[in-house]
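First the structure, in the form of structure tokens, and then the observations on it.
The values are calculated or read from the model by the stated rules, or taken from the named source; none is laboratory data. Bear in mind the structure is a predicted one, so any value in this text is a computation, not a measurement. We place every Cβ from the backbone using ideal geometry, glycine too, and count neighbours over all the protein chains shown.
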Amino acid sequence: MTDTPEQTPGKGRRVLIALLPLLLFLALAGVFLMQLTSGRDTSVIPSALIGKPAPTLALKPLDGAVKNGKPVPPLTSEAIRGKLTLVNVWASWCVPCRQEHPVILGLSTDERLNVVGINYKDKNDAALAFLGELGNPFSAIGVDPKGAAAIDWGVYGIPESFLVGPDGTILYKHVGPFDDASVRGELLPAIEKALSQKK
């Protein structure tokens with residue numbers, strides 16, 4: 001039996017509906033292919049905070065933390081005011097934090113840089129053991145037991161680090177652990193740029 005002219009439009013609509021999932025798949029595949037071949041670093045997550053004032057810091061101290069034999073103060077906005085500061089979000093349970101810690105420790109010896117930490121959803125004793133084992137790079141530490149400060153700073157996952165200018169503006173954000181390559185290729189140029197603008 002052949003189709004009558006009245007039946008043909010309905011059949012065409014059914015074919016289109018049947019092909020719709022395939023067309024959607026092809027469109028999505030095209031978008032992903034463009035992303036992959038664009039040359040952009042897909043690990044870079046843009047931050048809406050770049051160029052804006054850093055969120056207020058008023059965190060409690062990590063009880064028992066010491067540096068050079070002295071108690072480490074809490075992380076407040078005053079602790080970073082007027083200094084080029086690296087704010088590192090970390091936790092003792094975070095494996096990538098452990099991997100990047102020697103790099104953070106090395107950065108803390110750079111006299112141009114004030115290195116502070118936000119201890120994220122951690123246990124006090126575990127955080128102290130982490131610093132006791134690996135060393136304490138932080139001039140101030142604030143505890144963030146519920147992750148509220150991390151939300152304010154737009155943290156996606158830890159570790160994350162923020163370079164904050166002496167005027168309190170967020171200049172740079174790094175998602176994931178620092179390594180020697182990311183410090184040389186990204187952070188140090190951002191530090192140099194910030195220092196050259198200060199002069």
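Tabulated results
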read-out	value
Within the stretch 111-141, tally of residues that are outside any helix (DSSP H, G or I) and in contact (Cβ under 8 Å) with a residue 12 or more places away in the chain	19
Enumeration of residues in the stretch 150-170 that are assigned to a loop (DSSP other than H, G, I, E, B) and of a type in the set (Gly, Ala, Ser)	Gly154, Gly157, Gly165, Gly168
Any pair with Cβ under 9 angstrom, 6 or more apart, that starts in the stretch 86-100 at a residue that is closer than 15 Å to Leu62 by Cβ and without any contact (Cβ under 8 Å) to a residue 40 or more places away in the chain and ends at one that is in a strand (DSSP E or B) and of a type in the set (S, T, N, Q)	Ser92/Asn119
The stretch 153-176: number of residues that are more than 8 Å from the chain's Cα centre (by Cα) and over 10 Å from Asn88 (Cα atoms)	10
Index of the failed condition, Arg81 passing every other in (1) at pLDDT 95 or above; (2) in contact with a strand residue (DSSP E or B) (Cβ under 9 Å, 6 or more places away or on another chain); (3) surrounded by 13 or more Cβ atoms within 10 Å (Cβ to Cβ)	(2)
Subset of the stretch 69-96 [under 19 Å from the mean Cα position of the chain (by Cα), farther than 12 Å from Val116 by Cβ and either of a type in the set (Gly, Ala, Ser) or assigned to a strand (DSSP E or B) (or both)]	Ala91, Ser92
Number of the exception - Asn119 against (1) of a type outside the set (D, E, K, R); (2) crowded, with 23+ Cβ neighbours inside 10 Å; (3) more than 17 Å from the chain's Cα centre (by Cα)	(3)
